[in-house]
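Asks: The structure follows.
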Amino acid sequence: MDEITLLAQAIPDEPPPSAETVARARARLSARHRTARSARPSPRRRWGWTVGAAAATAAVVTAVAVSVSNLTGVTGPAPLASPPPSPAFEEPPHAYKGLNLLSATTAPRSATKKRLRFHPTSEDVKLVIFCQEPGSIFFTHEGTSGATGTCGPDGGLSMLADKAYEPGWLGRDHQVTVWVFPPDAPVARVSGPKAADRLAAEFGERAGAWSVAAYDAG
């Protein structure tokens, strides 16, 4: 039952409209329904918009995810390179020609003396003096024995270490006194600890750091 029939039943006292009037009314009603249907967005169009919006949202999410992953993959500043080791005349190395460091001491100035204490464990012992100034002169002394030599940044060997082959030298503590002088020192005057002290006093402290170290195979 359509709207025209319902309207006729709702007004019973009025004569029914003519067939021509009913046809025109139904035509206008049909045209109005068609206009209303054409104005509504079709379900397919709404679905297409939803899919497009979802795709755009997914693209944004993907871009954000890629940006975050790129940020997390970025490394921080490169670590600073390790500083170079100190020269031997400032810090003797922990090993020397296959031997291990027993003891060491350093001095910031030349024409000075230092005492080195160590306890050897083998006959393969070396006393090495490292000097900042090439050609520096050293004097080493222990007990009644002394030895002189020259040193530089690569070191110089004291002949006192040769006493390791003498009976009684191993198995006990040692204290060796070391003086280092500038290259122009009159080494002929250094014949013992007292002479070395006098020469150091005459020169006064000079520029030129140095160190002395005892090395052992044990």
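The values are calculated or read from the model by the stated rules, or taken from the named source; none is laboratory data. Note that the coordinates shown come from a computational prediction; the quantities given were computed from them, not determined experimentally. Don't worry about glycine lacking a Cβ; one is built from the backbone with ideal geometry, like all the others, and counts go over all protein chains shown.
Residue-by-condition table, conditions (1) on the phi > 0 side of the Ramachandran plot; (2) in contact (Cβ under 8 Å) with a residue 40 or more places away in the chain; (3) not assigned by TED's automatic domain parsing to the domain that holds Ala207:
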| residue | (1), (2), (3) |
| --- | --- |
| Arg109 | no, yes, no |
| His119 | no, yes, no |
| Lys126 | no, yes, no |
| Gln132 | no, yes, no |
| Gly143 | yes, no, no |
| Thr150 | no, no, no |
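Asks: Would you pick out the residues in the range 93-107 that are under 13 Å from Tyr215 (Cα atoms), among the small types (Gly, Ala, Ser) and either touching a strand residue (DSSP E or B) at 6+ places or on another chain (Cβ under 6 Å) or without any contact (Cβ under 8 Å) to a residue 24 or more places away in the chain (or both)?
Replies: Once the filter is applied, which keeps residues that are under 13 Å from Tyr215 (Cα atoms), among the small types (Gly, Ala, Ser) and either touching a strand residue (DSSP E or B) at 6+ places or on another chain (Cβ under 6 Å) or without any contact (Cβ under 8 Å) to a residue 24 or more places away in the chain (or both), the range 93-107 yields Ser103, Ala104.
Asks: Something else now. Asp154: surrounded by fewer than 19 Cβ atoms within 10 Å (Cβ to Cβ) and either in contact with a strand residue (DSSP E or B) (Cβ under 6 Å, 6 or more places away or on another chain) or farther than 28 Å from Gly204 by Cβ (or both), yes or no?
Replies: Considered against the rule, which asks whether it is surrounded by fewer than 19 Cβ atoms within 10 Å (Cβ to Cβ) and either in contact with a strand residue (DSSP E or B) (Cβ under 6 Å, 6 or more places away or on another chain) or farther than 28 Å from Gly204 by Cβ (or both), Asp154 comes out as no.
Asks: So how many residues does the range 82-97 have that are surrounded by 10 or more Cβ atoms within 10 Å (Cβ to Cβ) and either assigned to a strand (DSSP E or B) or of a type in the set (Gly, Ala, Ser) (or both)?
Replies: Total satisfying the criteria: 4.
Asks: Same structure, new question: Could you please find all residues in the range 178-205 being closer than 19 Å to Leu116 by Cα and under 50 Å from the mean Cα position of the chain (by Cα)?
Replies: Here is the first cut: in the range 178-205, the ones closer than 19 Å to Leu116 by Cα are 178-181, 192-194, 196-197, 200.
Matches in the range 178-205: Val178, Trp179, Val180, Phe181, Pro193, Ala196, Asp197, Ala200.
Asks: When you go through (1) under 15 Å from Ala88 (Cβ atoms); (2) surrounded by 15 or more Cβ atoms within 10 Å (Cβ to Cβ) one by one for Ala111, which number turns out not to apply?
Replies: (1)
Asks: Is it fair to say Lys113 is more than 23 Å from Lys194 (Cα to Cα), in contact (Cβ under 8 Å) with a residue 24 or more places away in the chain, among the basic types (Lys, Arg) and assigned to a strand (DSSP E or B)?
Replies: no
Asks: Test Val128 against the stated conditions and say whether it is of a type in the set (Val, Ile, Thr) and farther than 22 Å from Phe203 by Cα.
Replies: yes
Asks: Sort out which residues of the range 110-126 are within 20 Å of Gly98 (Cβ to Cβ) and in contact with a strand residue (DSSP E or B) (Cβ under 8 Å, 6 or more places away or on another chain), and write them in order of number.
Replies: Matches in the range 110-126: Phe118, His119, Pro120, Thr121, Ser122, Asp124, Val125, Lys126.
Asks: I need the full set of residues from the range 116-151 which are buried (at least 19 other Cβ atoms within 10 Å of the Cβ), closer than 24 Å to Gly171 by Cα and of a type in the set (Asp, Glu), in order please.
Replies: Residue satisfying the conditions is Glu142 alone.
Asks: For the structure I just gave you, tell me whether Val190 is buried (at least 17 other Cβ atoms within 10 Å of the Cβ) and under 26 Å from Ala95 (Cβ atoms).
Replies: Working: buried (at least 17 other Cβ atoms within 10 Å of the Cβ): yes; under 26 Å from Ala95 (Cβ atoms): no.
Criteria not met by Val190.
Asks: In the range 111-122, what residues are polar (S, T, N, Q) and farther than 14 Å from Ala209 by Cα?
Replies: Thr121, Ser122 - these are the residues of the range 111-122 that are polar (S, T, N, Q) and farther than 14 Å from Ala209 by Cα.
Asks: Checking the structure you have, find out if any residue of the range 189-196 is assigned by TED's automatic domain parsing to the domain that holds Arg109, assigned to a helix (DSSP H, G or I) and hydrophobic (A, V, I, L, M, F, W, C).
Replies: yes
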